[in-house]
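Here's a structure for you.
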Amino acid sequence: TIYAEGQRRYVESLSSYARQFLGIMDKPDVDSIDGLSPSISIDQKSTSRNPRSTVATVTEIYDYLRLLFARVGVPHCPALMPDGTRCGKPVQRRTAQSIIDEIMKLPEGSKLMLLAPIVSQKKGEFAHIPEQYMRSGFARARVDGVVYALDEFPELQKSYKHDIELVVDRVVMAPTMMSRISQSVEQALELASGVVQVLDATSGEITTYSQRYACMDHPGEDIPELEPRLFSFNAPQGACPVCTGLGTRLEVDPELILNPNLTIAEGAIRPFNRFNAEAWYMKRLAAVAEEHGFSLHVPVKELSDDVVQKVLYGTGKQKYRIHLSGNRYYDSTYEGVIPNLERRHRETDSEFMRKDIERFMRERKCTACKGARLKPVVLAVTVNGLSIMDICNLDVANALDMIGQLEFTAEQQHIVKLVVKEIMARLGFMNNVGLSYLEL
């Protein structure tokens, strides 16, 4: 009775259009009920578990953090030093003059070609390029590594990615060429939006100079323009290329591969213990064993570490003669158990095959990004000395304090005032409802 009256009162608050979709109960047989709240039913919706989702991404805090770092972040050089640490020096944009000075340091007599890259790894036919740049006075272009006259521009397949550079000038390096090189570099920078390439005609080596961010000690280090998508581990621009932004990798565990109490012939290699002795893979292993002087009929625990490494990881490009029936033979390399499983896991389209191989794999922290999900060049961008992942590794309460303590110049404050306000509002709400213990 109480539920029927509560539902009736709730349905009465809806529009007549909405009421037609709801089943309405009859009015209960009572004179009056006081103090009854409208009764509604709420379905509990469990969010799907996505390894790319974090507390920060679900609450949109991460979107605002990306915007904050793209606008006021300070990039640092991510170059790896001999001791394993990063250079870490703040970087700044290069001027045209500093690029000219760098080129003038090249050995005298060097035959150089100054190029303006106008197409980089893009698909298309680019049939408009010859006419457009011939009118501007250019005569040659370098297309996918080959120099053509613009009036002999090749037909390009639009389904393939191409690199096209305009040949701005060809010079032989000499101190007297300063004025000419300066003019050509400035022209190339204007054509290619701040990038110029110098091709050594003798060695074929290309050096890229950019007016974008660059470290004085490591001028070859590519530091891209700061934009929000660069800080996203769900976009290829910012995601760690090794773990593709997951922070972890499935890796084959050698301990799950071998049964030390069995011989290889008895099936000690667990992924391949379904093969019989005449199987192709076992024949290849027999050839490896004969070449390196070990037996497939000795328990794995009695084999030397060197032999086990050869079985697990292969022997590189060394070839072995594998004898087939009818006096036939075949020369082949031995890939190794672990590289074979990793390759098949990567290339297969079969979900069954993938799950079968994953029985021998463990999830481990990515060795490249150490679980941070982003490229080193992205992690080298800081705000008040903190990277975006330093903030995301904090819990809600500490992140709230940290964001509140960030210091900005008057100009930066004008840029990020609304962004910081939104971050503080979301963190504050989570803190107030008792979720301060969650890590972003």
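What follows is calculated from the coordinates using simple rules that are stated; it is not laboratory data. From a predicted model like this one, the values you see are computed outputs, not experimental measurements. When we count neighbours, we look across all protein chains shown, and the Cβ atoms used for this are built from the backbone with ideal geometry, even at glycine.
Express in nm, to one decimal, how much length is gained between V147 and S436 on full extension, taking 0.36 nm for each residue of separation and deducting their alpha carbon distance.
97.9 nm is the gain from fully extending V147 to S436.
Let me ask another. What number does the range 291-438 give for Rg over Rh if you use C-alpha atoms and the Kirkwood radius?
Rounded to two decimals, Rg/Rh equals 1.27.
Please compute the length gained on full extension between E266 and C87, using 0.36 nm multiplied by the number of residues separating them and subtracting their Cα-Cα distance.
Extending this stretch completely gives an extra 59.2 nm.
A further question follows. Counting each DSSP H run of 4 or more residues in the chain as -39500 (n - 2.57), what helix-only mean residue ellipticity at 222 nm follows after dividing by all residues, to the nearest 500 deg cm²/dmol?
Result for the chain, helices only: -9500 deg cm²/dmol.
So for C87, C392, fewest C-beta neighbours within 10 Å to most, what's the order?
Arranged by neighbour count, lowest to highest, C87, C392 become C87, C392.
Report the far tail of the P(r) of the range 45-99, meaning the percent of Cα-Cα pairs longer than 15 Å.
Across the range 45-99, Cα pairs with separations above 15 Å total 70 percent.
Let me ask something else. Using a cut-off of 10 Å between beta-carbons, work out the net charge of the residues near T367 (Lys and Arg +1, Asp and Glu -1, T367 not included).
+3
Quick one: if you take sqrt(5λ) for each eigenvalue of the C-alpha gyration tensor of the range 254-339, what semi-axes come out, biggest first, whole angstrom?
In descending order, the three semi-axes are 20, 14, 12 Å.
If you average the C-alpha positions of the range 118-170 and of the range 46-110 separately, how far apart do those two centres end up, in angstrom?
Measuring centre to centre over Cα atoms gives 30 Å.
Dipole size in debye (nearest 20) for the range 254-339 around its Cα centre, Lys and Arg Cβ +1, Asp and Glu Cβ -1?
Magnitude of the dipole: close to 320 debye.
How many percent of all Cα-Cα pairs in the range 321-361 sit more than 17 Å apart?
Of all Cα-Cα distances in the range 321-361, 48 percent exceed 17 Å.
Compute the relative contact order of the range 254-339 as a whole-number percentage, counting only Cα pairs closer than 8 Å that sit 6 or more residues apart in sequence.
Relative contact order comes out at 26 percent.
Report the label-to-label distance for M353 and W280 in nanometres (one decimal), using points 7 Å from each Cα along the Cα→Cβ vector.
Reported label-point gap for M353 and W280 is 1.2 nm.
Let me ask another. Relative contact order (percent) for the chain, with alpha-carbon contacts under 8 angstrom and 6 or more residues of separation?
Contact order relative to length: 17 percent.
What nm value, rounded to one decimal, do you get for the distance between A201 and A4 when each label is placed 7 Å out toward the C-beta?
Here the answer is 9.8 nm between the modelled labels.
Hey, another quick one. G194's amide H: which non-local residues (gap 5+, or another chain) put their own amide H closer than 5 Å, with H modeled 1.01 Å from N in plane and none for Pro or chain starts?
none
Residue by residue through the range 316-327, which ³J(HN,Hα) values in whole Hz follow from phi under the Karplus form 6.51 cos²θ - 1.76 cosθ + 1.60 (θ = phi - 60°), with glycine and proline marked x?
x, 8, 5, 9, 10, 8, 10, 8, 10, 5, x, 6
Once you keep just the Cα pairs under 8 angstrom separated by 6 or more residues, what percentage relative contact order results for the range 95-211?
Over the range 95-211, the number comes to 39 percent.
With Kirkwood's inverse mean 1/r over C-alpha pairs for Rh, give me the Rg to Rh ratio of the range 95-211, two decimals please.
Checking Rg against Rh, the ratio lands at 0.97.
For the chain, which longest stretch is free of loop sites, where a loop site is one of the trypsin sites (Lys or Arg not before Pro) that DSSP puts outside H, G, I, E and B and that has at most 11 other Cβ atoms within 10 Å?
With a cap of 11 other Cβ atoms within 10 Å, the longest stretch comes to 159-273.
What percentages make up the Cα-Cα pair-distance distribution of the chain when the bins are 10 Å wide from 0?
Answer for the chain: a P(r) of 4, 13, 15, 16, 18, 16, 9, 5, 2, 1, 0 percent.
Return an integer: the convex hull volume of the alpha-carbon atoms of the range 291-368, in Å³ per residue.
Spelled out: Cα convex hull of the range 291-368, divided by residues, is 181 Å³.
How much length would be gained if the chain were fully extended between R52 and E291, taking 0.36 nm per residue of separation minus their Cα-Cα distance, in nm to one decimal?
Extra length from R52 to E291 when fully extended: 81.4 nm.
Of all GluC sites (Glu not before Pro) in the range 331-440, which ones are in loop regions per DSSP and have a Cβ with at most 10 other Cβ atoms within 10 Å?
Counting only loop positions with at most 10 other Cβ atoms within 10 Å, the GluC sites (Glu not before Pro) in the range 331-440 are E407.
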